[in-house]
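I have placed the structure first, in the form of structure tokens, so that the comments after it can refer back to it.
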Amino acid sequence: MRSGIADRENAIEKKFQHDSERAFKIIAKRNRLFGFWAGTEIGLEGTDLESFSTRLVLYAVKAPKDKEIIESVYNSFCAHNVAFSKHQISKQLSYFHGDAQREFEISIAS
């Protein structure tokens, strides 16, 4: 009987780990797509655009809450006189979350 409970606990732990890893990958991908969009909006190109996007990917590790990434992009937009509200930025982040989720699903299906 104990073996059955231990097996279930192990399965639950593995599922939790798998789901957490999946969520992290999707958020990192979302932040990368979002970073390229936001960087383009403020006029970045080349390595500056890549660096900006990478910085936003790191938010998936350092500050997993969307509020921080929205605030960071909003501040960058304000510094570059790009007219977007926090609400509009949040909507774009949601849009890119959907894209990242679809891309992830396609990558595991193939």
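Maximal additional length on extending the H18-K65 stretch stands at 14.9 nm, based on 0.36 nm per residue less the C-alpha distance. Ranking S3, G39, L58 by Cα position along the charge dipole of the stretch 2-109, where only Lys, Arg, Asp and Glu carry charges on their C-beta atoms, puts S3 farthest toward the positive end. Fewest-first ordering of H18, H97 by other beta carbons within 10 Å of each residue's beta carbon gives H18, H97.
Charged side chains reduced to their Cβ positions (Lys and Arg at +1, Asp and Glu at -1) give the chain a dipole of some 340 debye around its Cα centre.
Run through the stretch 1-46 and list the GluC sites (Glu not before Pro) located in a DSSP loop whose Cβ has at most 10 other Cβ atoms within 10 Å.
On the way: sites: E9, E13, E21, E41, E45; in loops: E45.
For GluC sites (Glu not before Pro) across the stretch 1-46 that sit outside H, G, I, E and B with at most 10 neighbouring Cβ atoms in 10 Å, the list reads E45.
This ranking places I42, I106, I26 by how few other beta-carbon atoms lie within 10 Å of each, fewest first, which gives I106, I42, I26. Helix 2-41 axis versus longest C-alpha principal axis of the chain: approximately 10°, rounded to the nearest ten. Mind checking the stretch 5-99 for trypsin sites (Lys or Arg not before Pro) that DSSP puts in a loop (not H, G, I, E or B) and that have at most 10 other Cβ atoms within 10 Å? Loop-located and lightly packed - K65. Take the Cβ atoms of L58 and E103, set R0 to 22 Å, and the FRET efficiency comes out at 0.65.
Farthest toward the positive end of the dipole of the stretch 2-109, out of F24, H87, F77, is the Cα of F24, where the dipole comes from beta carbon charges about the Cα centre. A cut-off under 12 angstrom between Cβ atoms defines the neighbours of Q101, and their net charge, with Lys, Arg +1 and Asp, Glu -1, is +2.
Every number in this text was worked out from the coordinates using simple rules, so none of it is lab data. Here the structure is a predicted model, which is why all the values come from computation and not from measurement. As a convention, Cβ positions derive from the backbone with ideal geometry for all residues, glycine included, and neighbour counts pool all protein chains shown.
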